[in-house]
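Single-structure report; data block below.
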Amino acid sequence: WKQIWIRSCVGAVAGGTLLTLVLSGSRGAWLGFAAMMAVAALRVRRGLLWVSLALALGAAVVPILPAQIIARFDTIRDYENDPSVQGRFAAWEYALDKFPQRPFMGGGFGIFELEHHKASHNSYMEMLGEHGSIGLLLYLSLLISCFMVPISIVRRTRPIPDLNWACDLAIAIQLAVVGYAVGSISINQAFFPLFHCFVGLLASLQIIVQKELAERGIGVSLKGRKSGKFSIP
């Protein structure tokens, strides 16, 4: 009964989150969710089944959505006449124009609001404009690590039943990072606290798994069958 209640509560939270995401009207959130579903279909156990259920639920909900939400969907196709999208393009163009002037360190925190008088509406452009190429490379290295390290953890822990929890957690973090990375294309959330919580959580998980594997005589490397280290920078 305990597992039934836990599964029911988790399912209710997941369903409520999906409904909130659709009703939010955020096109970036929709694209991020679509990317998560694509990765989930490949990485999650019975992923195709869960993705199919999510798509079926989405198809059932669409006819009863408010008219303004449907209109919001349509703006994705007509982005050329959408002031919101064009404003984002202008902010990105500003960052690219300023890059040659401050190529390495950028203009500092808040440069978009101070000079462009608008938000960057893109985490990558936010890093490029505020912290230059160095900041952007550091940010991208974190994102790539948060996608690649779970692959190594899953490969080493999936065959071990009592470490399946680490496998599942790594996949969950990977999916969350995929949604965040895609959603960041249209919103400036480079310093979103939850993402950096994921970085810390994944680094801790990596250390725990390394110790567990070492105690079993399997080895401490998470890079694969060969020796070496592959960790979050």
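The values are calculated or read from the model by the stated rules, or taken from the named source; none is laboratory data. Nothing here was measured: the structure is a model prediction, and the numbers come from that model. Note that each Cβ is placed from the backbone with ideal geometry, even for glycine, and that neighbours are counted across all protein chains shown. Only protein heavy atoms, including side chains, enter the accessible area calculation; ligands, DNA and RNA are left aside. Shrake-Rupley method; radii C 1.70, N 1.55, O 1.52, S 1.80 Å.
A few points about this structure:
- Only one of the numbered conditions (1) open to solvent by 30 Å² or more (accessible area, probe 1.4 Å); (2) out of contact with any Phe, Trp or Tyr (no Cβ under 9 Å at 6 or more places or on another chain); (3) part of a helix (DSSP H, G or I) is violated by Met148, and that is (2).
- Candidates Gly108, Gly25, Gly32, filtered to the one that is at positive phi and modelled with pLDDT of 80 or more: Gly108
- Qualifying residue in the range 188-197 (condition: modelled with pLDDT of 90 or more and polar (S, T, N, Q)): no
- Tally of residues being aliphatic (A, V, I, L, M) and either surrounded by fewer than 19 Cβ atoms within 10 Å (Cβ to Cβ) or touching an Asp or Glu at 6+ places or on another chain (Cβ under 7 Å) (or both) across the range 100-139: 7
- Qualifying residue in the range 197-210 (condition: open to solvent by 50 Å² or more (accessible area, probe 1.4 Å), closer than 21 Å to His121 by Cα and not small (Gly, Ala, Ser)): no
- The range 174-212: number of residues that are in a helix (DSSP H, G or I) and among the hydroxyl-bearing types (Ser, Thr, Tyr): 2
- Within the range 174-191, being farther than 16 Å from Leu21 by Cα, touching a residue at least 24 places away in the same chain (Cβ under 8 Å) and open to solvent by 50 Å² or more (accessible area, probe 1.4 Å) holds for Ile185, Gln189.
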